Amino acid sequence: MPVATTLPLRDSPGFRAGISIAVAVGLYGISFGALAIAAGLTTLQAMALSALMFTGGSQFAFIGVLSGGGSPGAALGAASLLGVRNGVYGVQMNALIRPPKRLKPVAAHVTIDESAATALGQEGPTERRRGFWTAGLGVFILWNLFTLVGALVGETMGDPNAWGLDGAAVAAFLGLLWPHLKKREPAGIAVAGALVTALCVPWAPAGVPILVAALVATTITLWTGRGIRSDR
């Protein structure tokens, strides 16, 4: 009977995948930092969002609502609805990774799209844990580092309207979303959200359309998720 062996980190698929994901995603922090300043936040506020909220889609939604003239309450609502998916990931990762009790708060905080996807893409419990922790902690460190870089750059650029940054949060959000639209279901949810937003824009106050679209997308996701589980 073969004996399972643990690969050194330099040869570990989970570790190498996690590092690649961390670098690629962490660089987006530059755009978030600059756009957060353009939306009217301070460098400290931008850093607090990256450190405490730490979920890229929610963060871009937050500053996107603010940039569009929405209230902080509407921005927080949209960000919170988009962050619901991380709770679903958390249940799955807790069963898959089985972190020690003392590390569960840390594991919960770094449970994001990238750490969950990296873990699920590996074979065997050791590589799954390596992929999860490398991607999760790596993205956290680099995202926060590059958020600071982007915020400092944003402070030196002056009026955001002169650089076209007043509408760039939406473009950055779409750039972060695009890789997740390869399958039919996510693309359908995105189209539904876009239609709802278009219908709401003429009559709803600034910031409310994206809040309604996030609610619709979350509802569809949770509904289809229950359907899949019931089928199994």
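Counting only residues that are farther than 12 Å from VAL139 by Cβ, at pLDDT 85 or above and small (Gly, Ala, Ser), region 43-64 holds 3 of them.
Picking from PHE62, PHE140, which residue would you name as being of a type outside the set (D, E, K, R), in contact (Cβ under 8 Å) with a residue 12 or more places away in the chain, over 20 Å from LEU9 (Cβ atoms) and surrounded by 14 or more Cβ atoms within 10 Å (Cβ to Cβ)?
Numbers: PHE140 fails: over 20 Å from LEU9 (Cβ atoms).
That would be PHE62, the only listed residue that is of a type outside the set (D, E, K, R), in contact (Cβ under 8 Å) with a residue 12 or more places away in the chain, over 20 Å from LEU9 (Cβ atoms) and surrounded by 14 or more Cβ atoms within 10 Å (Cβ to Cβ).
Considered as a group, the residues in region 1-24 that are surrounded by fewer than 21 Cβ atoms within 10 Å (Cβ to Cβ) and within 16 Å of the chain's Cα centre (by Cα) include one that is modelled with the highest pLDDT, and that residue is VAL23.
Scan ALA108, ALA117, ALA151 and give me the residue that is among the small types (Gly, Ala, Ser) and surrounded by 21 or more Cβ atoms within 10 Å (Cβ to Cβ). Can you show your working first?
Working: ALA108 fails: surrounded by 21 or more Cβ atoms within 10 Å (Cβ to Cβ); ALA117 fails: surrounded by 21 or more Cβ atoms within 10 Å (Cβ to Cβ).
Answer to the selection: ALA151.
Counting only helices (runs of 4 or more DSSP H) that fall entirely inside region 84-193 and contain at least 1 residues that are at pLDDT below 55 and under 17 Å from PHE54 (Cα atoms), the qualifying elements are 168-177.
The combined condition, being out of contact with any Leu (no Cβ under 7 Å at 6 or more places or on another chain), farther than 13 Å from THR147 by Cα and not aliphatic (A, V, I, L, M), is fulfilled by GLY69.
Residues considered: GLY70, GLY40. Of these, the only one that is in contact (Cβ under 8 Å) with a residue 60 or more places away in the chain, over 21 Å from VAL139 (Cβ atoms) and outside any helix (DSSP H, G or I) is GLY70.
It is to be established whether one or more residues within region 83-92 are surrounded by 22 or more Cβ atoms within 10 Å (Cβ to Cβ), touching a residue at least 24 places away in the same chain (Cβ under 8 Å) and not hydrophobic (A, V, I, L, M, F, W, C). No, region 83-92 contains no residue that is surrounded by 22 or more Cβ atoms within 10 Å (Cβ to Cβ), touching a residue at least 24 places away in the same chain (Cβ under 8 Å) and not hydrophobic (A, V, I, L, M, F, W, C).
The values are calculated or read from the model by the stated rules, or taken from the named source; none is laboratory data. What you are looking at is a predicted structure, and each value in this text was computed from that prediction instead of being measured. Don't worry about glycine lacking a Cβ; one is built from the backbone with ideal geometry, like all the others, and counts go over all protein chains shown.
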